[in-house]
């Protein structure tokens, strides 16, 4: 009888562990197997990526369609080379689309927003978005503002 | 010259003890049991004493740590009007760090010290040598089920800890502080990736389980068979186990989440 009780409790313990893992998988991570999702990669070069990080979202019209796979430095052009994974079912991004680094909210994370172009040809695996807009760097904005206001005063 | 000899002898002793610990691990884990049913019965009993009996301390600690994290996170984030991110903060902190580490520390204190004391007492009362005299291998009968039970239980306890912590965090943030339910969960889901965060946490706790359980069974098996020796071995288990968890955590975090 005692042995049976021990077995029952051990069984319940293991089931609790499995249930907890399932809870974490579904409730917390939303089962985001982002790496496994069918996708294709496109690249874009930016003058300044600001605080963009890996795994940041890529969106079209505010809808998330992919994520940033990797960020590296293009040693020839001295620009940031950003590789993005775009969901396979979004396979109709025009080749003249533009990519901009945006911020969600005042202090939110950086993400890439794609503005749709007008071409009939679509971006495929490994292709590049040429029309890019870098992240707004607050320090640059402030210095531009100060410079413009002082030059305005002198005139 | 005498001091130099002492240093040399202690280095040799240290190397010898590492060798003995390695042999103990090898002989207990890689020896196939004679009967699978008997081995499973022994394992079952150990999972009960190592895992099920540690559940209460893990659940209570997880709940309060999740609640405190949520409260502290809220008090800081509300200054920047981004208090919705508290779910993200609680989930990532628990899954990546606090879940595996705090559970391993609790496990070293609650279960591993008991393992060392139990095996040490078996040695002091000559039960281990009696087993050998009866032709029963103490590695297979005593060490292996305890070691494997530790490897099974710690990852499960760590997952339960994280789950309860997140529930406690949600209770404080949503029900108490009034953060919107939907944004709490959606920001959390946006930032937590199952394969990167949840599974890496499980892998971490498995590595911690190897370290702390190995230390516990080795200290018990090699202790001086007196009451003082057992007390010393138990203390050493908790100290070495906790330190190895913290040191391993640094290495594993650097390997898993570092961008090198």
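Could you tell me how many of the residues in region A:20-51 are more than 8 Å from chain B (Cβ to nearest Cβ) and at pLDDT 85 or above?
Let us first name the residues in region A:20-51 that are more than 8 Å from chain B (Cβ to nearest Cβ), namely A:22, A:26, A:37-51.
In the following step, the residues that additionally are at pLDDT 85 or above were identified as A:22, A:39-49.
Here the count works out to 12.
Counting just the residues of region B:150-183 that are touching a residue at least 12 places away in the same chain (Cβ under 8 Å) and farther than 24 Å from residue B:57 by Cβ, which one comes out surrounded by the fewest Cβ atoms within 10 Å (Cβ to Cβ)? Full working, then the answer.
First, pick out the residues of region B:150-183 that are touching a residue at least 12 places away in the same chain (Cβ under 8 Å): B:150-173, B:177, B:179-180, B:183.
Subset that is farther than 24 Å from residue B:57 by Cβ: B:173, B:177, B:179-180, B:183.
Working: B:173: 27, B:177: 15, B:179: 23, B:180: 12, B:183: 15.
Of everything passing the filter in region B:150-183, B:180 is surrounded by the fewest Cβ atoms within 10 Å (Cβ to Cβ).
Out of B:242, B:195, I need the residue that is part of a helix (DSSP H, G or I) and under 16 Å from the mean Cα position of the chain (by Cα). Which one? Show your work before the answer.
Details: B:195 fails: under 16 Å from the mean Cα position of the chain (by Cα).
Matching residue, one of B:242, B:195: B:242.
So for region B:160-173 (the condition being within 30 Å of residue B:36 (Cβ to Cβ), within 14 Å of chain A (Cβ to nearest Cβ), in contact with a helix residue (DSSP H, G or I) (Cβ under 9 Å, 6 or more places away or on another chain) and at pLDDT 90 or above), does at least one residue qualify?
Residues of region B:160-173 that are within 30 Å of residue B:36 (Cβ to Cβ), as a first pass: B:160.
Filter once more, so that each one left must be within 14 Å of chain A (Cβ to nearest Cβ): B:160.
Imposing the further condition that a residue be in contact with a helix residue (DSSP H, G or I) (Cβ under 9 Å, 6 or more places away or on another chain) reduces the set to B:160.
When the remaining residues are screened for being at pLDDT 90 or above, the result is B:160.
Looking through region B:160-173, at least one residue is within 30 Å of residue B:36 (Cβ to Cβ), within 14 Å of chain A (Cβ to nearest Cβ), in contact with a helix residue (DSSP H, G or I) (Cβ under 9 Å, 6 or more places away or on another chain) and at pLDDT 90 or above.
Among (1) over 29 Å from residue B:84 (Cα atoms); (2) not in a helix (DSSP H, G or I), where does residue B:178 come up short?
(1)
Let me spell it out: the conditions are (1) farther than 27 Å from residue B:187 by Cα; (2) at pLDDT 85 or above, and residue A:82 meets all of them except one. Which number is the exception?
Among (1) farther than 27 Å from residue B:187 by Cα; (2) at pLDDT 85 or above, residue A:82 violates only (1).
Checking the conditions here, which among A:128, A:119 is modelled with pLDDT under 90 and in contact with a strand residue (DSSP E or B) (Cβ under 6 Å, 6 or more places away or on another chain)? Give the steps one after another, and end with the answer.
On the way: A:128 fails: modelled with pLDDT under 90.
The match here is A:119.
Residues that are more than 10 Å from chain A (Cβ to nearest Cβ) and at positive phi: find the helices (runs of 4 or more DSSP H) completely inside region B:36-93 holding 3 or more of those.
On the way: elements: B:36-50, B:55-77, B:86-93.
Once the helices (runs of 4 or more DSSP H) in region B:36-93 are filtered for at least 3 residues that are more than 10 Å from chain A (Cβ to nearest Cβ) and at positive phi, nothing remains.
The values are calculated or read from the model by the stated rules, or taken from the named source; none is laboratory data. Keep in mind that what you see is a predicted model, and the values were worked out from it rather than measured. Here the Cβ is made from the backbone with ideal geometry for all residues, glycine too, and neighbour counts use every protein chain on show.
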